[in-house]
Amino acid sequence: MKTILTYGTFDLFHIGHLRLLQRLGALGDRLIVGVSTDEFNHLKGKKTVVPFADRIEIVRALACVDQAIPETCWEQKVDDIKQHGVSIFGMGNDWTGRFDELKAHCEVVYLPRTEGVSSTHIRKTLKILDQTHVEELKHALDLISSIIDRFD
Ligand code: CTP
């Protein structure tokens, strides 16, 4: 039984997340995914749109994922590797080199990220759309007030 372990926030779940998890799952027999809790993200200075309970439920429901566990701190990785008998620890290659110390406990791989998509990019797009919406509402209100003024 070859077990693979990975971690991530998986906010606004997107195609880059799916492809990474599918490719990691294909490396062995069992994929375990640690999903960062809201408290841990707060520590990392990361604010999510989707709350932890929903993010972990989405990850757990994927066909390529066998188990989803909470990620509550940086230090839990070695314990998780030992507890679950992990053979491969894997992350996207934006993390290359960052977890090499885990090579003392299992194989460590960094897989290529999917180009052109990230939770940060989606969050920024949502913000821009929101601002555009506010601008449109302001214009509509200005128009209504000018019509009302004409009747005064
Ligand atoms: N990932 C990927 N391809 C992407 C985005 C993410 O392979 N386009 C991988 C990351 O390398 C990581 C995992 O998905 O191993 C979870 O990453 P996460 O930080 O949750 O996703 P991001 O979209 O990178 O989120 P953010 O922009 O908030 O950092």
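Numbers at a glance
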quantity	calculated
Proxy reagent accessibility, fewest Cβ within 10 Å first, across PHE151, PHE40	PHE151, PHE40
Cα gyration tensor shape for the chain, rounded if a/c is under 1.5, else prolate or oblate	prolate
Cα gyration tensor shape of the stretch 29-96, rounded if a/c is under 1.5, else prolate or oblate by comparing a/b with b/c	oblate
Set of lysines with alpha-carbon distance to LYS138 below 20 Å, sequence-local pairs under 8 removed	LYS127
Eligible lysines near LYS2 by straight Cα distance, threshold 25 Å, same-chain separation 8 or greater	LYS77, LYS82, LYS103
Fewest-first sequence of THR6, THR120 by Cβ atoms within 10 Å of each Cβ	THR120, THR6
Net charge dipole size for the stretch 14-97 [Lys, Arg +1 and Asp, Glu -1 on Cβ; Debye, nearest 20]	240
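Every number in this text was worked out from the coordinates using simple rules, so none of it is lab data. None of the values given here were measured: they were computed from a predicted structure. Here Cβ is always computed from backbone atoms with ideal geometry, including for glycine, and neighbour counts include all displayed protein chains.
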